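All of the numbers you see were taken from the coordinates with simple rules; none came from a lab. Because the structure is a prediction, the values reported are computed rather than measured. Cβ: placed from backbone, ideal geometry, glycine included. Neighbour counts: every protein chain shown.
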Amino acid sequence: MSIFDLSGKRIAITGGAGVLGASLAKGFTAAGATVAILDLAEDRAKEYASNLGAGNIGAGINVLERDSISSALDICLKEMGGVDILVNGAGGNHPKATTGPEMPFFDIPKESLEFVSGLNLTGTILPSQVFGKYMAETKLGCILNISSMNAFRPLTRIPAYSAAKVAVSNFTQWLAVHMAQEYSGAIRVNAIAPGFFLTDQNRFLLTDKETGELTPRGSQILGHTPQGRFGEPDDLLGTAIWLVSDASKYVTGIVVPVDGGFSAYSGV
């Protein structure tokens, strides 16, 4: 089982103070890694890192600004001595890019579309450029992107988010080939596509804020999830640890669904 051991690995996680990012950080440290939690919410990132124990760090980052990403990398190099693994965890949707009775698709503002597209796609590409350049120089490294079930089965109401996550999956494959062919076969790039996890972003889209009962959308989702439940943050850990550890050292350019069977079920 030593091939899953992350001892000595230094991992930077963008969006690391979010629900899923924080869970990954906790799991990685339990597997032996040192973690840098990078988030727009700098104070929360530092608090979470402190709770993980000595050696782990928290820092601010804006994944849409190259200078901010470069500064975060500099902090990682200074405090941890290097970065072996980058997890591109920053992303999300926006209410004004979500269709509904008060927001027809035809009226979604251009700015909202660009925000969601930028946060998910550009917010994955820019950190991959900055941290990836460092990995290209060291000839070693691993990048783990966070795609979505939307990349496999586009969902109603969230057109910009669905399109952006498809692009993240495509970029994952492109970057895996590029880094291996142009720089080093020891640099790997993969992605996880989470199914439906209750997060701050979607909790009250899937459950009723007052009663805690499933919304019609939440019921539809569970009806199409063979395991019959939403994912828990810890459900991502096994796949994530596999993809960033030596256990998958001959695996690059794949997108792994972690979805309770949602993508396999046709509905009949």
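Project the alpha carbons of region 11-54 onto their principal axes and report the range along each, largest first, in whole Å.
The principal-axis extents, from largest down, are 25, 19, 15 Å.
Give the dimensionless ratio obtained when the Cα radius of gyration of region 41-153 is divided by 2.2 N^0.38 Å.
1.26
Between exposed GluC sites (Glu not before Pro) in the chain, where DSSP calls loop and at most 15 other Cβ atoms lie within 10 Å, what's the longest gap?
103-209
Is it possible to state the helix-based mean residue ellipticity at 222 nm for the chain, with each DSSP H run of 4+ residues giving -39500 (n - 2.57), the sum divided by total residues, to the nearest 500 deg cm²/dmol? What is it?
-12000 deg cm²/dmol
Net charge within 10 Å of Leu6 by Cβ-Cβ distance, Lys/Arg positive one each and Asp/Glu negative one each, not counting Leu6 itself?
Net of charged neighbours comes to -1.
Based on the Cβ-Cβ distance of Asp43 and Leu155, what FRET efficiency does E = 1/(1 + (r/R0)^6) give at R0 = 41 Å, to the nearest 0.05?
According to the calculation, E is roughly 0.80.
Which net charge results for the neighbourhood of Gly100, defined as the other residues with beta-carbon distances under 12 angstrom from its beta-carbon, given Lys and Arg at +1 and Asp and Glu at -1?
+1
For Cα pairs less than 8 Å apart in space and 6+ apart in sequence, what is the mean separation divided by the residue count of region 52-200, i.e. the relative contact order in percent?
It comes to 25 percent, rounded to a whole number.
To the nearest 0.05, how large is the calculated FRET efficiency for Glu137 and Arg66 if R₀ is 22 Å and r is the Cβ-Cβ distance?
That pair, Glu137 with Arg66, gives E of 0.80.
For a footprinting-style exposure proxy, rank Leu77, Leu236 by other Cβ within 10 Å, fewest first.
Leu77, Leu236
Using +1 at the Cβ of each Lys and Arg and -1 at the Cβ of each Asp and Glu in the chain, identify which of Val268, Gly185, Ala12 lies farthest towards the dipole's positive end.
Result: Gly185, furthest along the dipole toward the positive end.
Among DSSP bridges having both ends in the chain, what percentage is antiparallel? Round to the nearest 5.
So the antiparallel bridges in the chain amount to around 5 percent.
Among Ala151, Ala25, Ala247, whose mean-square fluctuation peaks in a Gaussian network model of the chain (Cα, cutoff 10 Å)?
The residue that fluctuates most here is Ala247.
May I have the count of lysine pairs in the chain with C-alpha atoms under 17 Å apart, counting pairs 8 or more residues apart or located on different chains?
9
Which of Tyr48, Tyr265, Tyr250 has the fewest other C-beta atoms within 10 Å, and how do the rest follow up to the most?
Ordered by Cβ neighbours within 10 Å, fewest first: Tyr250, Tyr265, Tyr48.
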